[in-house]
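The values are calculated or read from the model by the stated rules, or taken from the named source; none is laboratory data. Computed from a predicted structure; not experimentally measured. Ideal geometry is used to build each Cβ from the backbone, glycine not excepted, and the neighbour counts take in all protein chains shown. Note: accessible area is taken over every heavy atom of the protein model, side chains too, but ligands, DNA and RNA are not part of it. Shrake-Rupley method; radii C 1.70, N 1.55, O 1.52, S 1.80 Å.
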Amino acid sequence: MRKDLPAREDVDIELTWRLEDIYPSDDDFEKDMKEAEELSEEFAALEGKSAENAAALLQAFDLYEKISLLEQRFLGYASMRNDQDTSSQEGQSSLKRAESLSVKIARRCAFFESEILALSEDTIKAYYAQEEGLRKYQVTIKDIFRTKEHSLSAELEKTAAAAGEMAGVPYTAFSMMADADLTFPSVTDDQGQEVVISNGRFVPLETTGSRPLRKEVFEKFYGRYAEFKDLWAALYDGQVKQQMFYARLRHYPSAFEAAVDGVNVSPSVCDSLIDSVHRNMDKMHRYVSLRKKLLGVDQLHMYDVYTPMVPGLKWETTFEEAKETALKALAPLGSDYTDLLKEAFENRWIDVVENKGKRGGAYSTDGIYGVHPYVLLNFNGTLDDIFTLVHEMGHSLHTWYSCHDQTFLNSRYKIFVAEVASTTNEVLLLEYLLKETKDKDRLKYLVNHYLESFKGTLYRQTMFEEFERKTNDMTQAGQPLTAQSLSDVYYELNKEYFGEDMVSDDLIRYEWCRIPHFYYNFYVYQYATSFAAAVAIARRILKEGEPAVKQYKQFLSAGCTMDPVSILKLTGVDMSTARPVDEALKVFEEELDRMEELTAD
């Protein structure tokens, strides 16, 4: 690990994504921005006339889809350009202009849903008969009518859209502070090298470092976040309040119910997840007890959470090795799937390594329709990085299949299913490694990783969800969100989830400060539900082969043509019941048994 981070221009070009696939030059970016603005002005002129007859509605939808395509393209490009170096003034400027235009477009198009909702369903049926081309937009129209009771007047829709830029300020400010402005001290690693701590390096240092190093990194990292606790609290408070504002505006009883309805999922799905996790909290506590025993410590601390329970083994890898492993592990999904992986690897869909100013973490874009998805990584050469690679490629190929089998508007699958394909890839990778590994120490390491996946995804993300639910309830009840109150809520949840065998160090109360997903409007529970679904899907693929793969690819290709729970049923998983979560936690219990057997000596 380098002691400092390279500048963007010093990164090997083959390790960077090729944004020229979207726009060969900045002039092309500017051209699309200009065209989108002009077309949105043209669309605004349709107000009062967009749905007066079938031909007018078809014309309006065609124009709306074209504008939306352009918006996805220029906004995605600007976001990625900024993320590759958030300290670049040019990148910041391009993103702010793109976001501003996006809000302007939303305001100009805001009347459209209201005019569609003014029609009766009988009139819509008659329009389909008069203009066959309208059936292309049937899924979108159906979804608009689904939320009719929460729609606003055309004027209020414009006002809500105009407020979008302001509503995005908490997350924008959080991102700028966390990724660009917040700096961390350095530590001397176990090889005697001075290493600057960063968001991207925190987990690798906590995973591979000696215990004294992990403690120092933990304290310096969270100590730095704690220095700005009042700022983080103000930003999160702003996020919660803007979510609540929009929920009340649309006559929802809470921001949570507005969020789940937005992805067409019943609140009971999340409630069932939390209930299942609480019923199975004994397994999480058993995991913590096992971790304490295997690490051989008198007290287990939060800086012991990431390091493997099997000491003395470092699983290091290169990016080339990671790609090769990914191709082998995902081979059960068929040659068409692995051919797409090769294309991504060979044609620079991926931005691989960390550089100064680069956004932390990892993600796959929603895809640039007509181009291809992109992946951002901060690859550090660990086993976790292989899992991150297959995870993000799962997102990307879900997007690819959806975009190639559906029209643009129908390709945009709901967030609820967005984590399923990515997590299915992770489980397939894990099952492949478990099967191929003969070395007992490495086998223990892999079982450790499986257990960590349950801890970090199913339990931890449910804990995050509870934090969001509790803090939103506090705001709704008129209780202030301060650094103290937020930290107290988080600290108590941490103690509940990790149990008595874990020392909940005081600094862990500030972990909420660094979680970007708290600005994603109740996104996190979907990691947990998706993990449960993925365990079932991956095991079925490995057991049944082609029939299960065929059904899985129907899921990947479905876009938003059905509600998310129904789309998941294509794979044989029914998230409207507690069964997937309960069965996944049985697998967790089985892996705990296996780890105890492997370490019995």
In debye to the nearest 20, how big a dipole does the stretch 127-211 give about its Cα centre with +1 on each Lys and Arg Cβ and -1 on each Asp and Glu Cβ?
440 debye
If you take the beta carbon distance between Glu194 and Asp601 as r and set R0 to 41 Å, what does 1/(1 + (r/R0)^6) give as a FRET efficiency, to the nearest 0.05?
0.55
Enter the angle in degrees (range 0 to 90, nearest 10) between the Cα long axis of helix 229-249 and the first principal axis of the Cα atoms of the chain, meaning the one along which they spread out most.
40 degrees
Placed amide H near Ile350: partners under 5 Å, 5+ positions off or other chain:
Arg18, Val375
Residue-ordered couplings for the stretch 423-435, obtained by feeding phi - 60° into the Karplus form 6.51 cos²θ - 1.76 cosθ + 1.60 and rounding to whole Hz (Gly and Pro as x), are 6, 4, 4, 4, 5, 4, 4, 5, 5, 5, 5, 4, 6
With charges only on Cβ, +1 for K and R and -1 for D and E, what is the dipole size of the chain about its Cα centre, in debye, rounded to 20?
840 debye
Roughly how many Å² of Arg211 are accessible to a 1.4 Å probe, to the nearest 10?
80 Å²
Quick check for me: using +1 on Lys/Arg Cβ and -1 on Asp/Glu Cβ, what's the dipole size of the stretch 472-599 about its Cα centre, in debye to the nearest 20?
900 debye
Using the Kirkwood radius over Cα pairs of the chain, the Stokes-Einstein translational diffusion coefficient at 20 °C and 1.002 mPa s, in µm²/s and rounded to a whole number, is 84 µm²/s
Output row, site Asp501, 7 Å Cα→C-beta label point, backbone N cut-off 13 Å, window the stretch 551-595, residues 592-593, 595
Which residue, chosen from Gly456, Leu330, Tyr401, occupies the Cα position most advanced towards the positive end of the dipole of the stretch 328-458, where the dipole is computed from +1 (Lys, Arg) and -1 (Asp, Glu) charges on Cβ about the Cα centre?
Gly456
Once phi is turned into ³J(HN,Hα) by the Karplus curve 6.51 cos²θ - 1.76 cosθ + 1.60 with θ = phi - 60°, what whole-Hz value does each residue of the stretch 467-482 show in order, with x for glycine and proline?
4, 4, 4, 5, 6, 5, 4, 4, 5, 5, 8, x, 8, x, 9, 10
Ranked order, Asp505, Asp339 - accessible area, probe 1.4 Å, largest first
Asp339, Asp505
Expected output is a single nm value to one decimal: the length gained when fully extending between Lys66 and Asp275, i.e. 0.36 nm times separation in residues minus the C-alpha distance. What is it?
70.9 nm
Residue span Thr183 to Lys293: 0.36 nm per residue of separation minus Cα-Cα distance leaves a gain in nm of 36.0 nm
Longest principal axis of the chain (C-alpha) makes with the long axis of helix 281-295 (C-alpha) an angle, in degrees to the nearest 10, of 40 degrees
Selection from Leu294, Ser94, Asn425, by position along the positive dipole direction of the chain (Cβ)
Leu294
Check: C-alpha center the stretch 282-329 vs C-alpha center the stretch 549-601, spacing in Å is 22 Å
For His517, His251, His150, the accessible-area ranking with a 1.4 Å probe, largest leading, is His251, His517, His150
Surrounding net charge for His517, when Lys and Arg each add one and Asp and Glu each subtract one, Cβ distance under 13 Å
-2
Degrees separating the helix 26-44 axis from the principal Cα axis of the chain, which is the longest one
50 degrees
Mark the label point 7 Å from the Cα of Ser566 along Cα→Cβ and return the residues of the stretch 137-170 whose backbone N is within less than 17 Å of it.
137-148
Lys/Arg +1, Asp/Glu -1 at C-beta; the chain dipole; positive extreme among Ser68, Leu235, Leu377
Leu235
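Taking the Kirkwood radius as the inverse of the mean 1/r across Cα pairs, report the Rg/Rh of the stretch 84-143.
My calculation puts Rg/Rh at 1.28.
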To the nearest 500 deg cm²/dmol, what mean residue ellipticity at 222 nm is calculated for the chain from DSSP H runs of n ≥ 4 alone, each contributing -39,500 (n - 2.57), summed and divided by the residues?
-20000 deg cm²/dmol
Whole-number accessible area per residue in Å² for the chain, which is evaluated in the context of all protein chains at 1.4 Å
41 Å²
Could you give each residue of the stretch 540-547 its phi-based ³J(HN,Hα) in whole Hz, using Karplus coefficients 6.51, -1.76, 1.60 with θ = phi - 60°, and x for Gly or Pro?
5, 4, 5, 7, 9, x, 3, x
